[in-house]
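Q: Below is a structure I'd like to ask you about.
The values are calculated or read from the model by the stated rules, or taken from the named source; none is laboratory data. What you see is a predicted model, and the numbers here were worked out from it, not measured in a lab. No Cβ is skipped: glycine too gets one built from the backbone with ideal geometry, and neighbour counts run over all protein chains shown.
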């Protein structure tokens, strides 16, 4: 392909990306992140991926784009802003309400972004005769953030997320792999400087060092990926965060350049802006699936979600929630029952808790729930 043709193809995809609502787009080569393989190996060796076994199973393909698709010659990286229209940290003070990560307050971004990428890719293939493409959004074994840095969209900040000088930290990423040879862009240097705001605000100290994240301590991992009971040491630190955590993103100084989301499907639903804990506690599986239809929250399932809500209830200090929490002691899910035990241990006085224990623990058969009763008694 001649250089002028390659440049025209690149300009075509830049124009298409902006027509489809992307805020940033650039191109890099599949071999532009040679350091990623060793960094990923060290991360996995330290066990910082927690129970996300799929990261280890796909390590080679994840670190090397040409191992995922040997025919790839260029990687187009696209970013769409999802900036919230209010300060995510403000909802943390509303203890009777739930804090939901900004990215999850409307439609599942995987569906939104992938649909747009397919539209761009289809137009590109019709223009670039004989070339092929593949599109990826998050769920595929692609290291979008290092590729975005190599393409010059921004840099991976000390919180390990991408930061843009023009759009801050609120960015969804997607990639289009293509067999076409396109002119590559220059990488973006790091602009974090001496700032430690994202590291210092983390409520669970999930950053062992700048540019390193231990998922085992991260509230986003704990509330979304972790399937069992959440370790006692993290529950109070979770506060009212029931799905994800935006603290390290929200304090980034580069967000002074961020804008509110322009895509309607990424703007917050009114009923997901700090919803009342009381309204969420009573959701059964059918109601949960209906309420979160089309939302990324749906994928964690009702039981994990109610587990998170109950921890928020335990941190609320709200006596009005006690009866609703107590009702969950008879839930069909042991994960939910165990979280209810902990929440009641935080909300009620010892005499009432003792009476509840006599009534419920005697017929409890799940060992995890019985452990919750024992631990709660010790902490009363």
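Q: Does residue 310 fit the bill of being farther than 30 Å from residue 19 by Cα and free of Cβ contacts under 8 Å to residues at least 40 places away in the same chain?
A: For residue 310, the condition - farther than 30 Å from residue 19 by Cα and free of Cβ contacts under 8 Å to residues at least 40 places away in the same chain - is met.
Q: Check 341, 369, 336, 348 and return the single one that is under 21 Å from residue 236 (Cβ atoms) and over 30 Å from the mean Cα position of the chain (by Cα).
A: 348 is the lone residue from the list that is under 21 Å from residue 236 (Cβ atoms) and over 30 Å from the mean Cα position of the chain (by Cα).
Q: Residue 287 - would you say it is at pLDDT 95 or above and within 20 Å of residue 319 (Cα to Cα)?
A: So residue 287 does not fit the description; no.
Q: Regarding segment 134-144, can at least one residue be identified that is farther than 25 Å from residue 293 by Cα, assigned to a strand (DSSP E or B) and either out of contact with any strand residue (DSSP E or B) (no Cβ under 7 Å at 6 or more places or on another chain) or at pLDDT 95 or above (or both)?
A: yes
Q: In segment 33-43, what count of residues is obtained for those that are assigned to a helix (DSSP H, G or I) and surrounded by 15 or more Cβ atoms within 10 Å (Cβ to Cβ)?
A: 5
Q: Looking at segment 360-378, which of its residues are more than 15 Å from residue 334 (Cα to Cα) and either touching a helix residue (DSSP H, G or I) at 6+ places or on another chain (Cβ under 6 Å) or in contact (Cβ under 8 Å) with a residue 40 or more places away in the chain (or both)?
A: Those that are more than 15 Å from residue 334 (Cα to Cα) and either touching a helix residue (DSSP H, G or I) at 6+ places or on another chain (Cβ under 6 Å) or in contact (Cβ under 8 Å) with a residue 40 or more places away in the chain (or both): 375, 376.
Q: Right, next: Can you confirm whether segment 301-312 contains a residue that is within 30 Å of residue 165 (Cβ to Cβ) and either in contact with a strand residue (DSSP E or B) (Cβ under 6 Å, 6 or more places away or on another chain) or surrounded by 15 or more Cβ atoms within 10 Å (Cβ to Cβ) (or both)?
A: no
Q: Which residue out of 18, 48 is outside any strand (DSSP E or B) and in contact (Cβ under 8 Å) with a residue 24 or more places away in the chain?
A: Residue meeting the stated conditions: 48.
Q: Continuing with this model, one more query. When you check residue 297 against the structure, is it closer than 19 Å to residue 344 by Cβ and either crowded, with 19+ Cβ neighbours inside 10 Å or under 18 Å from the mean Cα position of the chain (by Cα) (or both), yes or no?
A: Here the answer is no, as residue 297 does not meet what is asked.
Q: I would also like to ask the following. The conditions are (1) at pLDDT below 95; (2) in contact with a strand residue (DSSP E or B) (Cβ under 8 Å, 6 or more places away or on another chain); (3) farther than 30 Å from residue 208 by Cα, and residue 111 fails exactly one of them. Which is it?
A: With (1) at pLDDT below 95; (2) in contact with a strand residue (DSSP E or B) (Cβ under 8 Å, 6 or more places away or on another chain); (3) farther than 30 Å from residue 208 by Cα applied to residue 111, the lone miss is (2).
Q: I need the full set of residues from segment 95-144 which are under 30 Å from residue 309 (Cβ atoms) and either more than 17 Å from the chain's Cα centre (by Cα) or without any contact (Cβ under 8 Å) to a residue 60 or more places away in the chain (or both), in order please.
A: Answer for segment 95-144, where residues must be under 30 Å from residue 309 (Cβ atoms) and either more than 17 Å from the chain's Cα centre (by Cα) or without any contact (Cβ under 8 Å) to a residue 60 or more places away in the chain (or both): 95, 96, 97, 137, 138, 139.
Q: Then there is this: When you check residue 188 against the structure, is it touching a strand residue (DSSP E or B) at 6+ places or on another chain (Cβ under 7 Å), at pLDDT 95 or above and either surrounded by 19 or more Cβ atoms within 10 Å (Cβ to Cβ) or over 22 Å from residue 217 (Cα atoms) (or both), yes or no?
A: So residue 188 does not fit the description; no.
Q: Quick one: which helices (runs of 4 or more DSSP H) lie wholly within segment 274-380 and hold at least 2 residues that are more than 30 Å from residue 103 (Cα to Cα)?
A: Correct list: 322-327, 334-347, 350-360, 367-379.
Q: Can you find even one residue in segment 339-359 that is crowded, with 17+ Cβ neighbours inside 10 Å and either in contact with a strand residue (DSSP E or B) (Cβ under 8 Å, 6 or more places away or on another chain) or touching a residue at least 60 places away in the same chain (Cβ under 8 Å) (or both)?
A: There is at least one residue in segment 339-359 that is crowded, with 17+ Cβ neighbours inside 10 Å and either in contact with a strand residue (DSSP E or B) (Cβ under 8 Å, 6 or more places away or on another chain) or touching a residue at least 60 places away in the same chain (Cβ under 8 Å) (or both).
Q: Hey, can you tell me all the residues within segment 51-67 that are within 25 Å of residue 180 (Cβ to Cβ) and either modelled with pLDDT of 95 or more or assigned to a helix (DSSP H, G or I) (or both)?
A: Result: 60, 61, 62, 63, 65, 66, 67.
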